């Protein structure tokens with residue numbers, strides 16, 4: 001542990017036994033400290049109860065005013081999965097304080113480290129509660145901005161050991177302002193890059209969908225045992241969040257774990273981790289509904305673990321679809337039912353043969369009476385006409401010429417559209433020769449990487465897991481001059497000029513929310 005951290009611990013420990021906010025609270029124990037201050041156990045004198053008291057040092061009047069405004073809103077949150085705020089304000093010595101319910105449980109960081117990867121059912125149970133907590137905050141206009149495992153506490157209630165409590169709503173905004181990504185004088189970053197959304201890293205305007213991205217990172221970590229991006233360099237990590245797709249589960253989990261993974265769950269994670277916010281879930285309740293549908297879907301077939309396999313996976317809704325809250329995650333049928341039975345087909349062919357034979361015989365019988373006629377070529381070769389010639393004429397399916405060809409068994413028709421139209425479609429990196437809009441017959445449930453390229457526009461990539469009667473509708477973004485495009489992320493604002501380059505040449509000092517595994521955000525005190 002660095003000497004500076006030892007010194008900070010010593011300074012915070014000196015507060016034990018001191019009154020706060022007059023004599024409303026008396027500090028009894030240091031619970032931990034991090035980048036924004038320290039958390040203590042304290043006694044609320046007038047209520048005679050123990051509380052968790054967060055102290056944040058500041059002498060900035062703007063920060064004080066912003067903190068009081070945010071704390072007032074946060075104190076109105078009442079969801080059972082959100083920590084309850086009892087009191088807030090300023091104290092002597094330049095401290096902001098926030099008095100909250102005192103919880104006895106484990107952080108989600110501890111749970112993942114000790115128990116991870118978590119079973120899908122447990123991970124979805126935890127993530128679903130976080131969704132509901134965030135939904136209330138988002139409806140109140142609060143964006144958390146610092147969703148991470150250290151801010152999730154799991155407490156036992158009755159027979160449920162994993163009741164969620166989400167901490168620190170709005171504190172990042174209150175203390176750091178609108179721009180979450182800030183560097184201190186010695187080059188330390190304020191924030192948690194492992195869970196930051198691309199727009200948060202690029203200091204672009206953000207909304208509630210930034211929390212959805214962070215929650216997607218947490219869900220990935222619960223299921224796979226580690227966050228999607230793990231670079232040791234802060235700069236490389238932030239670049240990955242803005243440019244790189246998350247790795248497939250199969251790269252992180254052994255085949256045994258993949259065989260029990262619900263087919264639609266990885267799709268939910270990947271959609272929440274879209275670089276462009278408009279392609280994520282509309283809100284946390286849509287993500288919640290998708291999680292409930294995904295966990296009940298059939299396990300991922302073993303063939304899905306082999307990239308060369310053609311085994312069909314569980315069909316789910318396509319990433320990038322917009323405007324619909326319906327999340328169809330249908331269970332894959334049993335193996336014996338996937339191949340259609342041949343008995344009905346043989347019976348239909350036999351009936352058709354008898355009908356054709358009867359029609360041909362009827363025509364020949366009444367030819368001389370003028371009551372019925374057969375085609376000239378049929379009369380010329382009666383024996384062959386009975387079996388071969390009329391057959392194709394009878395089995396033609398009448399349909400409009402513009403109708404698309406029906407998909408073969410095991411395939412579904414997927415509609416691809418772009419705005420503007422005319423983009424070339426690439427499948428797994430190879431040109432399909434097709435341009436948008438078009439229909440393609442794809443194997444039901446088999447994930448495929450598609451990309452769309454159009455001159456003058458940024459290329460767009462998406463993983464598609466076909467499901468019946470679905471389409472992928474992509475809004476392409478124009479290229480801006482000669483600026484280097486950010487792969488797969490339509491951006492409305494250029495990144496700030498080389499802000500993160502110093503981190504490549506100068507050593508980054510690990511702080512509470514940096515990447516160093518040796519120093520978590522809140523240090524536990526034995």
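The values are calculated or read from the model by the stated rules, or taken from the named source; none is laboratory data. Every value quoted in this text rests on a predicted model; they were computed, and no experiment measured them. When we count neighbours, we look across all protein chains shown, and the Cβ atoms used for this are built from the backbone with ideal geometry, even at glycine.
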Review point. Modelled with pLDDT under 95, surrounded by 19 or more Cβ atoms within 10 Å (Cβ to Cβ), part of a loop (DSSP other than H, G, I, E, B) and not assigned by TED's automatic domain parsing to the domain that holds residue 58 - does that describe any residue in region 134-143?
Key: yes
Being over 30 Å from residue 260 (Cα atoms) and surrounded by fewer than 16 Cβ atoms within 10 Å (Cβ to Cβ) narrows 70, 101, 121, 114 down to just 101
TODO: May I ask you to verify whether residue 78 is more than 16 Å from residue 151 (Cα to Cα) and in contact with a helix residue (DSSP H, G or I) (Cβ under 7 Å, 6 or more places away or on another chain)?
DONE: no
Flag for residue 390 being at pLDDT below 80 and surrounded by 14 or more Cβ atoms within 10 Å (Cβ to Cβ)
yes
- Message: Tell me whether region 223-232 contains one or more residues that are in contact with a strand residue (DSSP E or B) (Cβ under 7 Å, 6 or more places away or on another chain), within 22 Å of residue 125 (Cα to Cα) and at pLDDT 95 or above.
- Response: no
Among strands (runs of 3 or more DSSP E) entirely inside region 1-101, those with 1 or more residues being more than 27 Å from residue 131 (Cβ to Cβ), modelled with pLDDT of 95 or more and not assigned by TED's automatic domain parsing to the domain that holds residue 151 are 25-34, 37-44, 49-57
